[in-house]
Amino acid sequence: MICLSTILVRSRPFISYKNYVAFFSTQRKRKVVLGLETSCDETGAAVVTEDGEVLGEGLRSQKNIHVRNGGVIPPLAQALHRECIHDVVQKALDQSHLDIKDVSAIATTTMPGLALCLMVGLEYTKQLIAKTNLPFIPVHHMQAHALTVRLINRVDFPFLVLLVSGGHCLLAVARGVDDFLLLGQTLDNAPGEAFDKVARRLKLQHHPHCQGLSGGQSIEKLATEGSIRLLMGKGTSLPKSRSCDFSFSGTMSLAHWLIGVHENHQGITKDGGKHLDNLPDICASVQHKITHHLCTRVIRAINFCNQTGLIPESNQTLVASGGVASNSYIRNALETTCSALDYQLICPPPRLCTDNGIMIAWSGMERLKLGIGISNNPQDVRFEPRYPIGEDISSNVVKSNIKVKAIKFW
């Protein structure tokens, strides 16, 4: 246990000793959850209270390493998680002025994600539980993204949620903390994956204005100076499917074709060191194509929810989260789309859209307060690299045969 004098040294000045005693006493009474996240390339830990206060956080990103390697290499990601997970957890506890035995429960991402990465978080959690006998709450990574918004905003169930990241893309109705209806999901590539692969094809990791940025961030940055017209009217996604499913493989193929055409025109080789003169236009066009596909599916999802009464008029809200949801062009397009359909768009702050321990701790807290999802046999819990977010009703969306009328957001 960290002594009170240590708390006084580490905390803000000009607060009386009496108030620190009161603070410390309050911390002991409130429910507090430690959350651990290792599903992909972020090692995260956080301590969150039942009323949504983040007492401490540790976060170690592998982004710069994986950017240099052209993508996430699971064995390397696993090694990096193992190397830093103890320090990350300890940082979260130190900032909280709490010892591990003072938390009410431990919540850890166990599904879905990269198997080798999930393994690290789960193994470390089991070691902590063996020492402390604390309750263990396994957390679904995508549900945690959906629930993060409730940490900072009052968003009542049910609400529509769009989760877009480097590994996932889905639309669902959140009816409760562990009650989700899946309307549609990606059938092939995720939008973040599409951004990354196009960025690598454009050699943006070597561009002077994109150093240290992910593929999606690089495209977003360069696109601000470009025109979206290069791919206007070219190619469509799932033209015969009136569903809420996503497909970004066609967009990637179209982008590779476009890049090849312009390389030929400009006399640039695919493996050469030069960049295309019209990089901003290509980036803007690809970004717009991905955004347009996201928005058309959101429109259909909203119409489906209106037809079926899944979301009442009093609570017409779309929550957008996941790493790609921090893209400002996509956010603005979703804002325009929602506004035209009398929906409210709510997004967590960009730093909470990417993977972090806070969202896992809060998801665990939501379950702890309801007394659900707490494992009876923590040592028997297994990680699940692929696990559905909830009940799949995507076939009902197709049967509804909803034709989408495009909304202009540019």
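The values are calculated or read from the model by the stated rules, or taken from the named source; none is laboratory data. On a predicted model such as this, the values are computed, not experimentally measured, just so you know. Backbone-built Cβ (ideal geometry, glycine too); neighbour counts: all protein chains shown.
For the reader, a short list of remarks on this structure follows.
- Selected residue (criterion: surrounded by the most Cβ atoms within 10 Å (Cβ to Cβ)) from residues of segment 271-298 that are among the basic types (K, R) and touching a residue at least 12 places away in the same chain (Cβ under 8 Å): K289
- Complete set of residues in segment 329-351 that are at pLDDT 95 or above, part of a helix (DSSP H, G or I) and closer than 21 Å to E220 by Cα: Y329, I330, R331, N332, A333, L334, E335, T336, T337
- Hey, A333 under 14 Å from the mean Cα position of the chain (by Cα) and not assigned by TED's automatic domain parsing to the domain that holds T125 or not: no
- Any chance L134 is of a type in the set (A, V, I, L, M), within 26 Å of V32 (Cβ to Cβ) and part of a helix (DSSP H, G or I): no
- Test: residue in segment 362-373 that is outside the structural domain of Q185 (by TED's automatic domain parsing), in contact (Cβ under 8 Å) with a residue 60 or more places away in the chain, of a type in the set (S, T, Y) and out of contact with any Gly (no Cβ under 6 Å at 6 or more places or on another chain): yes
- Residues that are exposed (fewer than 15 other Cβ atoms within 10 Å of the Cβ), touching a residue at least 60 places away in the same chain (Cβ under 8 Å) and acidic (D, E) within segment 374-410 comprise just one, E391.
- Residue match in segment 76-98 (condition: modelled with pLDDT of 95 or more, in the same structural domain as T43 (by TED's automatic domain parsing), assigned to a strand (DSSP E or B) and buried (at least 20 other Cβ atoms within 10 Å of the Cβ)): no
- Unmet criterion (only one of (1) surrounded by fewer than 21 Cβ atoms within 10 Å (Cβ to Cβ); (2) among the acidic types (D, E); (3) under 30 Å from K31 (Cβ atoms)) for E42: (1)
- Test: residue in segment 164-185 that is surrounded by fewer than 19 Cβ atoms within 10 Å (Cβ to Cβ) and in a helix (DSSP H, G or I): no
- Some residue of segment 57-69 being assigned to a helix (DSSP H, G or I), modelled with pLDDT of 70 or more, buried (at least 18 other Cβ atoms within 10 Å of the Cβ) and not assigned by TED's automatic domain parsing to the domain that holds L202: yes
- Candidates in segment 309-324 are the residues that are touching a residue at least 12 places away in the same chain (Cβ under 8 Å) and assigned to a helix (DSSP H, G or I); of these, the one that is farthest from S400 (Cα to Cα) is G323.
- Condition check for D188: surrounded by 23 or more Cβ atoms within 10 Å (Cβ to Cβ), among the acidic types (D, E), closer than 29 Å to L222 by Cα and not assigned by TED's automatic domain parsing to the domain that holds A77: no
- Scan segment 353-410 for residues that are among the charged types (D, E, K, R), closer than 20 Å to H141 by Cα and not in a loop (DSSP other than H, G, I, E, B) and the total you get is 6.
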